[in-house]
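The values are calculated or read from the model by the stated rules, or taken from the named source; none is laboratory data. Quick caveat, the model's predicted, so the values are computed rather than measured. All Cβ positions, even for glycine, are placed from backbone atoms using ideal geometry, and neighbour counts span all protein chains on display.
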Amino acid sequence: MTGKTSTAPEPPLAMLAELTHRCPFSCPYCSNPLDLERRSQELDTAAWREVFDQAAALGVLQVHFSGGEPTVRPDLEELVEHAAGLGLYTNLITAGVLLDEARVGRLAAAGLDHVQLSIQDSDPAESDRIGGYQGGYRRKIEAAAWIRAAGLPLTLNAPVHRQNIEHLEAIIDLAVELDAERIEVAHVQYYGWGLKNRAALMPTRAQLERATEVVEAARARLKGILVFDYVVPDYYAHRPKACMGGWGRQFLNITPSGKVLPCHAAETIPDLEFERVPERDLAEIWENSPAFQRFRGTDWMPELCASCERREIDWGGCRCQALAITGDAAQTDPACGLSPRHADLVALAEAESGREPPAFQYRRMTRPEPAEA
Ligand code: SF4
Ligand code: SF4
């Protein structure tokens, strides 16, 4: 089973540019890999500029500057300006605490189109505890004001889980207070650090149902004021989400060292090898690399998905989750109610959410970072 497609794929819509894995926060659900890439491995400014040139030539429309925390890179403004100059839509995904008013102004002047600011909780002390960063909440609130004062549209990114889900109404109120135009209420996903902390993060089914009611009521109440994106936790779902819009269909992710991934968790799949930019052309990697071809389209699918009418709707769900739960990335995502492993997933969620949550294992470098040159 090769998963090869006979024709060249459509170009990707969006690219996540992980400029760095460095971050002052230590969120226990961080989607970065457990083995974080180091500063010494990061692409330099010239290499990133080349990557954006290649992305624009390939047909990418949107670049999301991410990390880690992308504002630790002093060349962020230059990279935003370069991407904007190529006609790419530019979005900054940030925890906000390293911004100041002048820098927000420089980013806006460089052509930044949008900012997505993360928040850990509406309660300042809890927000700082969950993110592992004292004083972070206060600085995020300041950052939000600078972002709006610079005329930049703001999305509040609110990962929710068992330890902040009871504050969801207050988190939504905070988004309105901060003059966000959109809120992303995303139940955390269990990959990377989230998988490591799953027992501390998993909500109960009753919490999930209540959160869904809160979102639906707020969506109606705040129509015309705040737009909602709502991501439900896979473990309680009936059908999987179309992870990344389908493997190698709409999205690519560049790690700080230039590895090109179909999704940010793809490195958890052990038998895939990922090629790097800028030494190999991005278009070549997108179209021909074995890692992108492995689960692209429907040829790779197990019988359950291959004969299912939803196969080109959800594309069989998430490969990384299939691996994490079944031990085989080529299985149907167990978030699907048709999967023979679905009951295991639900039982796991109910068992973990029914116990006292263990202490967080905060995100950190697994080996100390070498001293900077
Ligand atoms: S999830 Fe937390 S630790 Fe991970 S990059 Fe974002 S702010 Fe940093
Ligand atoms: S069987 Fe496969 S294609 Fe069908 S709904 Fe489940 S995951 Fe999707």
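Some notes on this structure:
- Any hit, region 343-356, residues being more than 9 Å from ligand 2 (Cβ to nearest atom), closer than 18 Å to PRO233 by Cβ and of a type in the set (Lys, Arg): yes
- The lone exception for ASN288 - which of (1) more than 16 Å from ligand 2 (Cβ to nearest atom); (2) touching a Cys at 6+ places or on another chain (Cβ under 8 Å) it fails: (2)
- Boolean, GLU216 is buried (at least 16 other Cβ atoms within 10 Å of the Cβ) and in a helix (DSSP H, G or I): no
- Cβ-Cβ under 8 Å pairs, at least 6 apart or on other chains, region 161-182 side closer than 22 Å to ASP234 by Cα, far side among the aromatic types (Phe, Trp, Tyr) and surrounded by 23 or more Cβ atoms within 10 Å (Cβ to Cβ): HIS161/TYR29
- From LEU174, LEU152, residue being within 27 Å of ARG103 (Cα to Cα), in a helix (DSSP H, G or I), of a type outside the set (Gly, Ala, Ser) and modelled with pLDDT of 95 or more: LEU174
- Count of residues meeting criterion [over 16 Å from ALA217 (Cβ atoms) and either buried (at least 23 other Cβ atoms within 10 Å of the Cβ) or β-branched (Val, Ile, Thr) (or both)] in region 175-188: 3
- Picking from residues in region 291-302 that are in contact (Cβ under 8 Å) with a residue 40 or more places away in the chain and within 16 Å of ligand 2 (Cβ to nearest atom), the one that is surrounded by the most Cβ atoms within 10 Å (Cβ to Cβ) is PHE295.
- Applying the criterion of being over 28 Å from VAL60 (Cα atoms), part of a loop (DSSP other than H, G, I, E, B) and at pLDDT 95 or above to the residues of region 277-327, the residue that is farthest from ligand 1 (Cβ to nearest atom) is SER307.
- Taken together, the residues in region 111-132 that are of a type in the set (S, T, N, Q) and in a strand (DSSP E or B) amount to 2.
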